[in-house]
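To keep things clear, I will list the structure first and then write my remarks on it.
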Amino acid sequence: MADKILMNKNTLAALKVELKGYRTALPVFEMKEQQLKEVITSIETAVDRLQEAIESTNREVRQWSAVMAESTLDLGNLISVRELKTKTREIAGVIIEQFRSIDFVESGIDYFETPLWVDAALEAIKDQTTNQEMLKLELKNLESVREELAEARRMKNALKEVFIPETQHNIRKIEIYLGDVERLAIGCAKLVKKKKQVKSKIV
């Protein structure tokens, strides 16, 4: 807001409209901040759960490491992601991406020739890959929501600490000025009237 303002009724009316808009916007940003904080808590919970699931699978795989080390199979070549399906959703003004499903393609697997543990290993790879893809989505969402939260807080603080107080100050300043001008005008009018009355008596 400019330091110098026009001290007139039009400016006063415009400032009052601005103040009303600021006061209407403030609770909107306060509510948005609260919603985004709740979304962040929910995403952080999901991230913790996925990280624990990934670590749990890692612990299980380490138990098979001796068996897998003796195998000539390259499990990484036996399975790959065919398609990752997601959907978008808007929460408090933020577009987030949600996991729907993941399709795998298995190639070159002869179940009559491969050891029995390969089935379990492939399922573990599927679970691990699914959780890792979901974790990527959630971390991306978390970053987006945190950015939106920071912006909502900036707007809330700007309204609360700058725009509203500054506008209120300027309104008071103009009202005081216009009040002084009005009192001065009334005083001048009384003085002129009194002079006319004195002059009419002399004549």
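Brief remarks follow.
- Taking the criterion of being in contact (Cβ under 8 Å) with a residue 24 or more places away in the chain and exposed (fewer than 15 other Cβ atoms within 10 Å of the Cβ), the only residue of region 17-29 that qualifies is ARG23.
- Under the condition of being over 16 Å from the mean Cα position of the chain (by Cα) and either closer than 18 Å to ILE43 by Cα or of a type in the set (D, E, K, R) (or both), the residues counted in region 138-189 number 9.
- When region 1-15 is limited to residues that are assigned to a helix (DSSP H, G or I) and not polar (S, T, N, Q), the one that is farthest from ALA158 (Cα to Cα) turns out to be LYS9.
- Meets criteria (of a type in the set (Ser, Thr, Tyr), at pLDDT 75 or above, surrounded by 11 or more Cβ atoms within 10 Å (Cβ to Cβ) and in contact with a Lys or Arg (Cβ under 8 Å, 6 or more places away or on another chain)) for THR86: yes
Residue-by-condition table, conditions (1) at pLDDT 90 or above; (2) surrounded by 12 or more Cβ atoms within 10 Å (Cβ to Cβ); (3) of a type in the set (Lys, Arg); (4) part of a helix (DSSP H, G or I):
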| residue | (1), (2), (3), (4) |
| --- | --- |
| THR130 | yes, yes, no, yes |
| ARG146 | yes, yes, yes, yes |
| ARG153 | yes, yes, yes, yes |
| LEU178 | yes, yes, no, yes |
| LYS190 | no, no, yes, yes |
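- Of the residues in region 58-75, not one is under 22 Å from THR45 (Cα atoms), surrounded by fewer than 14 Cβ atoms within 10 Å (Cβ to Cβ) and either within 33 Å of the chain's Cα centre (by Cα) or at pLDDT below 75 (or both).
- When each of GLU33, GLU55, GLU18 is tested for being modelled with pLDDT under 95, assigned to a helix (DSSP H, G or I) and under 34 Å from the mean Cα position of the chain (by Cα), the lone residue that passes is GLU55.
- Which numbered condition LEU159 fails, given (1) in contact with a helix residue (DSSP H, G or I) (Cβ under 8 Å, 6 or more places away or on another chain); (2) free of Cβ contacts under 8 Å to residues at least 60 places away in the same chain; (3) not hydroxyl-bearing (Ser, Thr, Tyr): (2)
The values are calculated or read from the model by the stated rules, or taken from the named source; none is laboratory data. Because the structure is predicted, anything quoted here is derived from the model rather than measured. Every residue, glycine among them, receives a Cβ derived from its backbone with ideal geometry; neighbour counts consider all protein chains shown.
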